[in-house]
Amino acid sequence: MNSDWGMMGGYPSATGYRFEAHKTGLKDRIAIGDSLPLGGDIDPTHPDYERHLDATAVVKRDKQCVTTEDCYDNYDLYLNYLRGGPGFGDPLDRDPKAIQDDLNNKFLLPDYARKVYGAVFTEGADGVFTVDVAKTQARRGEIRKERLARAVPTREWMKEERQRIINKHASVQVQHMFATSFGLSEKFTKEFKEFWDLPANWELHEDELDVPTYGSKHRMDLSLLPDVKTVVQVEE
């Protein structure tokens with residue numbers, strides 16, 4: 001799940017990814033001077049760490065951004081990549097020189113320089129990237145035409161999206177996010193249903209999602225806790 005939306009056409013923040021390995025054999029590899037998983041393993045689609053672990057290693061890669069309540073032993077391996085924040089403005093407007101700098105500083109994977117920013121570039125024998133400005137502009141023109149070809153009027157999109165909401169056609173994580181929000185605010189629930197013109201009997205509750213969470217069944221008014229003073233937010 002991304003954590004922040006972009007602004008003015010910017011893309012959401014990336015999810016990052018997590019790597020962990022147990023039974024790595026690193027203790028013996030260190031003792032005999034064998035290769036080790038050093039440096040960054042920045043691209044999960046082209047993994048490198050596994051080449052430096054024993055065949056007994058139990059490896060897990062996923063797109064979780066944090067780790068909680070997990071156990072590690074000596075010589076286990078852990079890597080957590082947190083990606084950058086959300087973008088501002090259309091990625092196709094980004095300065096090609098800035099993209100080139102990002103590539104050479106390893107802030108950006110080449111695949112995403114092509115797909116997201118429409119950059120056309122070459123990589124020299126020395127590993128240095130060079131962005132071709134003219135070809136990049138031409139490619140961006142093609143991408144803009146591709147966008148128009150698959151675009152639909154906002155009214156049609158909202159009609160389809162409304163039906164998806166009525167059918168509760170969304171990932172469990174998204175449904176859970178909305179269900180908890182509905183449970184916390186009658187005002188938000190009312191405004192959400194009015195905005196999407198939902199049937200009066202349409203509801204979404206946590207208990208229908210089969211997601212075990214703390215606090216989903218038992219809540220209390222925070223003002224009842226000792227030494228707590230509630231702050232009421234108002235709209236100006």
Take every DSSP beta bridge whose two residues both sit in the chain, then give the antiparallel share in percent to the nearest 5.
-> 95
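Between Leu82 and Met7, what is 0.36 nm times their sequence separation minus the Cα-Cα distance? Round to one decimal in nm. Please report the intermediate quantities before stating the final value.
Numbers: separation 75, 0.36 × 75 = 27.00 nm, distance 2.00 nm.
The Leu82-Met7 span can extend by a further 25.0 nm.
Calculate the FRET efficiency for Asp28 and Asp62 from the Cβ-Cβ distance with a Förster distance of 30 Å, rounded to the nearest 0.05. Walk me through the numbers on the way to the answer.
Values: r = 27 Å, r/R0 = 0.91.
FRET efficiency, Asp28 to Asp62: 0.65.
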Neighbour-count ranking [beta-carbon atoms within 10 angstrom, fewest first] of Ile166, Ile99 | Ile166, Ile99
Have a look at the range 91-150 and give its Rg and Dmax from the Cα atoms, expressed in angstrom.
-> 11.6, 39
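Which value, in Å³ per residue, describes the convex hull spanned by the Cα atoms of the chain? Could the numbers behind the result be given before it?
On the way: hull volume 55.4 nm³, N = 236.
So the per-residue Cα hull volume is 235 Å³.
If I take R0 = 35 Å and measure r between the Cβ atoms of Glu203 and Val231 in this structure, what FRET efficiency does the formula 1/(1 + (r/R0)^6) give, to the nearest 0.05? Could the numbers behind the result be given before it?
Working: r = 29 Å, r/R0 = 0.83.
For R0 = 35 Å, the calculated efficiency reads 0.75.
With an 8 Å cut-off on Cα pairs and a minimum separation of 6 or more residues, tell me the relative contact order of the chain in percent. Walk me through the intermediate numbers first.
Values: 263 pairs, mean separation 37.1, N = 236.
Relative contact order for the chain comes out at 16 percent.
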Lysines whose Cα lies under 18 Å from that of Lys115, excluding same-chain neighbours fewer than 8 positions away = Lys97, Lys106, Lys135, Lys145
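Output the relative contact order of the range 124-236, whole-number percent, from Cα pairs under 8 angstrom with separation of 6+ residues.
Values: 36 pairs, mean separation 20.4, N = 113.
Rounded, it is 18 percent for the range 124-236.
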With only helices counted (DSSP H, runs n ≥ 4, each -39500 (n - 2.57)), the per-residue ellipticity at 222 nm for the chain, to the nearest 500, works out to -9500 deg cm²/dmol
So which aspartates and glutamates can Lys63 reach, going by Cα to Cα under 20 Å and dropping same-chain residues fewer than 8 places off?
-> Asp4, Glu20, Asp41, Asp43, Asp48, Glu50, Asp76, Asp111
Exposure proxy order (Cβ contacts within 10 Å, fewest to most) of Tyr81, Tyr17, Tyr72 | Tyr72, Tyr81, Tyr17
Treat each spin label as a single point 7 Å out from the Cα along the C-beta direction, and report the Leu222 to Ser181 distance in nm.
-> 1.8
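Report the semi-axes of the equivalent ellipsoid for the range 154-212 in whole Å, largest first, where each axis is √(5λ) for an eigenvalue λ of the Cα gyration tensor.
Result for the range 154-212: semi-axes of 20, 14, 9 Å.
Go ahead and run the numbers for FRET between Ala151 and Lys190, Cβ-Cβ distance against an R0 of 41 Å, rounding to 0.05. Please list the in-between numbers first.
Numbers: r = 32 Å, r/R0 = 0.78.
For Ala151 and Lys190, the calculated efficiency is 0.80.
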Provide, in order from the shortest bin, the percent of all Cα-Cα pairs of the range 17-81 in each 10 Å bin, continuing until the bin that contains the maximum pair distance.
-> 20, 55, 23, 1
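Could you grab the relative contact order for the range 91-150? Cα pairs under 8 Å, six or more apart, rounded to a whole percent. All intermediate terms of the calculation are to be shown ahead of the outcome.
Values: 60 pairs, mean separation 18.8, N = 60.
Rounded, it is 31 percent for the range 91-150.
Since every read-out is calculated from the coordinates, none of them should be taken as a lab result. Since the model is a prediction, treat every value here as computed from it, not as a measurement. No Cβ is skipped: glycine too gets one built from the backbone with ideal geometry, and neighbour counts run over all protein chains shown.
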